[in-house]
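Each remark here refers to the structure printed beneath this line.
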Amino acid sequence: MTTRSEPISIESLLQKQKAEKEAASRPRFLSKEERAKVAIAKRAAEIKEEKERAERKKLERE
């Protein structure tokens, strides 16, 4: 008694892809802590970029 698996139908594959695409397009709601972490990381990146820009300007002047 061997069970044979059937190949995935095109319709089910398209339906699965459509569902994944819709799930990815929906906004993801973040908790207050998660929003704070994202904001802190973004601000740290901005500060780093500003320091690098200032350093480049300083080197150009010399």
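The values are calculated or read from the model by the stated rules, or taken from the named source; none is laboratory data. For clarity, every value in this text was computed on a predicted model and none was experimentally measured. Note that each Cβ is placed from the backbone with ideal geometry, even for glycine, and that neighbours are counted across all protein chains shown.
Taken together, the residues in region 15-33 that are modelled with pLDDT under 90, of a type in the set (A, V, I, L, M, F, W, C) and not in a loop (DSSP other than H, G, I, E, B) amount to 2.
Within region 54-62, does at least one residue satisfy the condition of being part of a loop (DSSP other than H, G, I, E, B) and exposed (fewer than 10 other Cβ atoms within 10 Å of the Cβ)? Yes; the residues of region 54-62 include at least one that is part of a loop (DSSP other than H, G, I, E, B) and exposed (fewer than 10 other Cβ atoms within 10 Å of the Cβ).
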